[in-house]
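Nothing in this text is a laboratory measurement; each read-out follows from the coordinates by a stated rule. Computed from a prediction, not measured in an experiment: that's the story for all the values here. Methodologically, a virtual Cβ is constructed for each residue, glycine included, from the backbone with ideal geometry; neighbour enumeration extends over all protein chains shown.
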Amino acid sequence: MILAQENAPLFDWDWVGRNLDAIWERTVEHLALTGVAIVVGIMMATVLSVVALRRPRTYPAITAATGLLYTIPALAVFALVASFVGIGTATQRFITAEIALISYTLLILIRNIVTGINGVPAGVREAAMGMGYREWERVRQIEFPLALPAVMAGIRIASVTVIGLVTVTALLGLGGLGFFILDGLRRSIIFPTEIIVGVALSVALAALIDICLLGIGRVLTPWARESGF
Amino acid sequence: MIRLENVAKVFGGASAPAVANLSLEVDRGELVALVGPSGCGKTTTLKMINRLIEPTSGRIEVDGRDVMTAPPHELRRSIGYVIQQVGLFPHRTIAQNVATVPRLLGWDEARIKDRVGELFELVGLDDSMLERYPSELSGGQQQRVGVARALAADPPVLLMDEPFGAVDPIVRGHLQGEFLELQSRLEKTVVFVTHDIDEAILLGSRIAILNVGGLLEQHDTPERILASPANAFVESFIGAERGLKRLALHPISEAEMSRGPVIDITAKPEEASRVMDENGVSWVGLLSGDRLLGWVDGSEIDGRPLAELAPREFLVSLRSDSSLRAALDAVVTGHARVAVVVDDGIYRGMLDLEAIAEEITE
C-alpha cells in the first residue's frame, strides 16, 4: 500500500480551497447528526432515569442494558440496526445512524442524571418537602437544578463520544466529516489531505462543543463555582 | 393549638411501634421540648405534625383542624420547619432561600422583598448576605437563615428538629439565647425536638420526656420536672446536678437580695465603721445616689471623707436577669463571699451563697 505520493505535499491547501462548500456541508451534517442524537438521547435518558429513580430496583437492569449497548463495537451496532431498519432510503440511513448514536449516549446520561439527583443532600430534600413544595415542584425547582452539574458533565462526555462516532456513519453514506476520512482512505492512492481535514475538524468540533457546554453549565450553575458543590 | 390524640406510628417491617398511643397538647404561644433517648420517636412525632410522616392511627389537630383534611403541601406552608442539617437550597441566594414559602404562597415581589428585609433584621443577619449563596456562610449564620426561612410567612406554628445540634457549643449558646429572645417577642407555638436535656430546660416552657417507643413519661414545666421527676427513667434522664439545673431556671431578681454593707459617699467616715460592724465585715461599698462606685477597705478610710477615697471594682458583678446558677458560678469561681447585682450601673443589692441556696430548698 502506498501511503502517499512521493513528491506530493502531505497537505494540499488547494484541495481545501476547492472544497470549502463540501467541508461546510459535511460539518453541518456532523453537527446535525450529533445534535439529534444528544437531544433524543437526553429525552430517552430522562424518561429512563425517572423510572430508575422512582423504582430503584429497576436501576441495575437499566444500567446493564444500556451498558451492553455501550460496549458493543460501533460497527457491529450500525450493522445490526441497519439489518432491522434498512439503508435503502436517506431516511432509513438517517434513522439507522441515529439509533446507533443514541444508544451510545444512554448509559452516560442516565448514570449522571441518577447520580446527580441521588446526590441532592437529604436535608435539602427534607427542607423542601417541609416548606410545602409539591413533588413535581420540588423535583423541577430544587432537585433538578442541584443535579445539573452532574447532568451537564454527562452531556459533555456524551457529546464528545458521539462526535467521534458520527465519523463511522460514513459507512452508511452519511458520516459528516467522517465522509472525508473514508473518501481519503478509499482512493487508490491514499489522499492524506482529505483524511487530515476530516480528523482535524472532527476533533476541533468536539473540543468546541465541550467548551461551549462547559460555559453553558457555568452560566446555569453560578452557585456551584464557589462551593465546588 | 396542637393536639395529638392517641397517635401511633408503626413503620412497615418494624415489629414494635415507633410511637405508641401518644397524646399531647401544646398550648398557643408555648414552646414544648420533645426530649428523650434515640429511638424514642421524638422526630417521628414532630414529622407527623406536618405530615412528613403519616400516623398509622390517632388524630392530630393544628389550630383545631385535623391535619389529614388538607393537602400536605398546604398544611406545610402554614407551619414553619427548621432541621438540624438546615437544608438551605445551595443553588439559591440567601434572600431567595428566605423567600421560599412566600413565593410558594404567591406573594408579590415587593411584599416578599420587604418581608425578607424584616426577617434579616429579626434574626440578626447583615444585608450584605442577601445575595450570597449558602456555602459562603458559617454554620451559625446558615442556621439563622434556616430560622428566618421558617418564619418567612409568619406561621403560627414552628416545628424545630435539633436546630442547633450541628454547630459548636459556643455558637449554639448564642443561637439559643437569640432564639429565646425572638420567641419571647413572637410567641409562636413551637414544638422543639432535642436529645439535650439542658437545651430542653433552657428553651422549653414545658418539656415532654419520651421513652423508647414513644412512651410519654412526663410532660410538665422544667421546674416541676426537676423538682419532682415522675419516675426513675425521668430522674436518670435529667441526670445529675438537678439542683444546679433548677437554679438555672430562676433569675437573680427572684432571690432574696440584701442591702449589704454599702454607704453613700456623702456620709461621715464614722458611719462607714458602723455599717461594717453591723455586717461583720472589714470593707464597705460606696454609693453615689443609686450608682455603685466600688468598695474600699476599712483601713483605708482612717477618718478621711469618703469622697476622697479611690474605690476598687467588685470582683463579681451580675445583672438581676442573670440566672442564679450564673450567680453561684460567679461567686464560687471568683472566690468571693458575695456577688453584687447591678443593672446598667444601678445598684440592686448583694447576693450571698446562703440566699442562693435558699432558692432551691424552698
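In degrees from 0 to 90, rounded to the nearest 10, what is the angle of the helix A:74-85 Cα long axis to the longest principal axis of chain A?
Long axis of A:74-85 versus the principal axis of chain A: about 90 degrees.
What distance in nm separates the simple spin-label points at A:Met43 and B:Ser135, each placed 7 Å from Cα in the Cβ direction?
About 3.3 nm, to one decimal.
What FRET efficiency, computed as 1/(1 + (r/R0)^6) with R0 = 41 Å and r the Cβ-Cβ distance, is obtained for A:Leu10 and A:Arg218, rounded to the nearest 0.05? The partial results should precede the final answer.
Details: r = 39 Å, r/R0 = 0.95.
That gives a FRET efficiency of 0.55.
Can you give the Rg to Rh ratio for the range B:179-229, taking only C-alpha atoms and Rh from Kirkwood? Don't skip to the answer; put the middle values down first.
Working: Rg = 11.7 Å, Rh = 11.8 Å.
When Rh is taken as the Kirkwood radius, the ratio is 0.99.
Cα-Cα pairs above 25 Å in the range A:1-109: how many percent?
On the way: 2587 of 5886 pairs.
Percent of Cα pairs beyond 25 Å in the range A:1-109: 44.
Based solely on C-alpha atoms, express the radius of gyration and the Dmax of chain A in angstrom.
That works out to 21.3, 76 Å for Rg and Dmax.
Could you identify which residue out of B:Gly334, B:Gly214, B:Gly243 has the top mean-square fluctuation in a GNM of chain B using Cα springs shorter than 10 Å?
For chain B, modelled as a Gaussian network with Cα springs under 10 Å, the answer is B:Gly334.
When the dipole is taken about the Cα centre of chain A, and only Lys, Arg (+1) and Asp, Glu (-1) are charged at their Cβ, what size is it in debye, to the nearest 20? Walk me through the numbers before you get to the answer.
Working: 16 positive and 15 negative charges, 189 e Å.
Dipole size: approximately 900 debye.
Under 26 Å from the Cα of B:Lys9, which lysines turn up, not counting those fewer than eight places away in the same chain?
Those lysines meeting the cut-off are B:Lys42, B:Lys47.
Residues with amide H under 5 Å of B:Gly349's amide H, sequence separation 5 or more or different chain, H placed in the peptide plane at 1.01 Å from N; which?
B:Val341
If you plug each phi of the range A:18-28 into the Karplus form 6.51 cos²θ - 1.76 cosθ + 1.60 with θ = phi - 60°, what whole-Hz ³J(HN,Hα) values come out, in order, with x for Gly and Pro?
6, 10, 4, 4, 5, 4, 4, 4, 5, 5, 4
Strictly greater than 19 Å: what percent of every Cα pair in the range B:37-91 meets that? Please list the in-between numbers first.
Working: 512 of 1485 pairs.
Pairs farther apart than 19 Å: 34 percent.
So if I take the centroid of the Cα atoms in the range A:18-66 and the same for the range A:70-118, what is the distance between those two points in Å?
What the calculation gives is 8 Å, centre to centre.
For q values of 0.11 Å⁻¹, compute log₁₀ I(q)/I(0) with the Debye formula on a Cα-only model of the range A:64-193, without solvent.
Rounded to two decimals, the profile gives -0.55.
Quickly rank B:24-35, A:210-221 as a protection proxy: mean count of other C-beta atoms within 10 Å, highest first.
Values: B:24-35: 19.9, A:210-221: 13.7.
The densest-packed peptide leads the list: B:24-35, A:210-221.
Search the structure for amide H atoms under 5 Å from the amide H of B:Met68, placed 1.01 Å from N in the peptide plane, and list their residues when 5 or more places away or on another chain.
When sequence neighbours closer than 5 places are left aside, the close amide H contacts are B:Ile60.
When Rg is the radius of gyration of the Cα atoms in the range B:42-161 and Rh is its Kirkwood radius, what does Rg/Rh come to? Walk me through the numbers on the way to the answer.
Numbers: Rg = 15.0 Å, Rh = 15.1 Å.
Reported Rg/Rh, Kirkwood definition of Rh: 1.00.
To the nearest 20 Debye, how big is the dipole of the protein assembly as shown about its Cα centre, given +1 on the beta carbon of each Lys and Arg and -1 on that of each Asp and Glu? Let's see the in-between values first.
Details: 52 positive and 70 negative charges, 674 e Å.
Charge dipole of the protein assembly as shown: 3240 debye, to the nearest 20.
If you plug each phi of the range B:187-192 into the Karplus form 6.51 cos²θ - 1.76 cosθ + 1.60 with θ = phi - 60°, what whole-Hz ³J(HN,Hα) values come out, in order, with x for Gly and Pro?
6, 6, 8, 10, 10, 10
Given a Förster radius of 51 Å and the C-beta distance between B:Gln176 and A:Val36 as r, what FRET efficiency does 1/(1 + (r/R0)^6) yield to the nearest 0.05?
Values: r = 59 Å, r/R0 = 1.16.
Computed FRET efficiency for B:Gln176 and A:Val36 comes out at 0.30.
Taking the Cα atoms of the range B:142-255 alone, what are Rg (to one decimal) and Dmax (as a whole number) in Å?
14.9, 42
Between A:Val77, A:Val166, A:Val47, where does the largest GNM mean-square fluctuation fall for chain A, given springs only between Cα atoms within less than 10 Å?
Result for chain A, Cα springs under 10 Å: A:Val47 fluctuates most.
Where the centroid of each part is defined by its Cα atoms, how far is the range B:192-247 from the range B:255-287 in Å?
Distance between centres, Cα-based: 43 Å.
Which angle from 0 to 90°, rounded to the nearest 10, does the C-alpha axis of helix B:269-279 make with the longest principal axis of chain B?
Tilt relative to chain B: about 50 degrees.
How much FRET efficiency would the formula 1/(1 + (r/R0)^6) give for B:Thr56 and A:Leu208, where r is the Cβ-Cβ distance and R0 is 45 Å, rounded to 0.05? It would help to have the intermediate numbers written out before the result.
Details: r = 58 Å, r/R0 = 1.30.
So, using R0 = 45 Å, E works out to roughly 0.15.
Quick check: the angle from helix A:192-220's long axis to the longest principal axis of chain A, C-alpha only, nearest 10 degrees?
Tilt of helix A:192-220: around 20 degrees.
Find, among the GluC sites (Glu not before Pro) in the range B:183-225, those assigned to loop by DSSP (not H, G, I, E, B) with at most 16 other beta-carbon atoms within 10 angstrom.
Numbers: sites: B:Glu187, B:Glu199, B:Glu217, B:Glu223; in loops: B:Glu187.
Of the GluC sites (Glu not before Pro), the ones in loops of the range B:183-225 whose Cβ has at most 16 other Cβ atoms within 10 Å are B:Glu187.
Charges at C-beta only: +1 for Lys and Arg, -1 for Asp and Glu. How large is the resulting dipole of the range B:190-244 about its Cα centre, in Debye rounded to 20?
That gives a dipole near 140 debye.
Rounded to the nearest 5, what is the percent of antiparallel bridges among the DSSP beta bridges in the protein assembly as shown? Write down the numbers at each step before the final one.
Values: 33 of 57 bridges.
The antiparallel proportion sits near 60 percent.
Considering Cα pairs under 8 angstrom that are at least six residues apart, work out the relative contact order of chain B and quote it in whole percent.
On the way: 663 pairs, mean separation 58.3, N = 362.
Reported relative contact order: 16 percent.
Which ³J(HN,Hα) values in Hz, rounded to whole numbers, follow from the phi angles of the range B:332-348 under the Karplus curve 6.51 cos²θ - 1.76 cosθ + 1.60, where θ = phi - 60° and Gly and Pro get x?
Each residue of the range B:332-348 in turn: 5, 5, x, 6, 9, 7, 9, 10, 8, 10, 9, 10, 6, x, 7, 6, 9 Hz.
Between B:Asp264 and residues 5 or more places away or on another chain, which pairs have amide H atoms under 5 Å apart, with H built 1.01 Å from N, and which residues are they?
Result for B:Asp264 returns B:Leu287.
Give the Rg/Rh ratio for the range B:1-44, taking Rg as the radius of gyration of the Cα atoms and Rh as the Kirkwood radius, to two decimals.
Details: Rg = 11.9 Å, Rh = 11.7 Å.
Rounded to two decimals, Rg/Rh equals 1.02.
By what distance, in whole Å, do the Cα atoms of the protein assembly as shown stretch along each of the three principal axes, largest value first?
Rounded to whole Å, the extents work out to 128, 62, 44 Å.
What average number of partner chain Cβ atoms lie no more than 10 Å from the Cβ of the residues making up A:96-108?
Numbers: counts 0, 0, 0, 0, 0, 0, 0, 0, 0, 0, 0, 0, 0.
Mean partner shielding for this stretch: 0.
Roughly how many whole Å is it from the C-alpha centroid of the range B:299-334 to that of the range A:153-170?
Taking the Cα centre of each part, the range B:299-334 and the range A:153-170 sit 81 Å apart.
Got the relative contact order for the range A:79-229 handy, in percent, Cα pairs under 8 Å and 6 or more residues apart? Could you put the intermediate results ahead of the total?
Values: 149 pairs, mean separation 31.6, N = 151.
Relative contact order here is 21 percent.
Once the convex hull of the alpha carbons of the range B:184-343 is built, what does its volume come to per residue, in cubic angstrom?
Convex hull of Cα atoms, per residue: 137 Å³.
What are the radius of gyration and Dmax of chain B, computed over its Cα atoms and given in Å?
Cα only, chain B: 25.8, 87 Å (Rg, Dmax).
Calculated from DSSP H runs of 4 or more alone, at -39500 (n - 2.57) each and per residue, what is the 222 nm mean residue ellipticity of chain A, nearest 500? Please list the in-between numbers first.
On the way: 11 runs with 176 residues, N = 229.
It lands at -25500 deg cm²/dmol.
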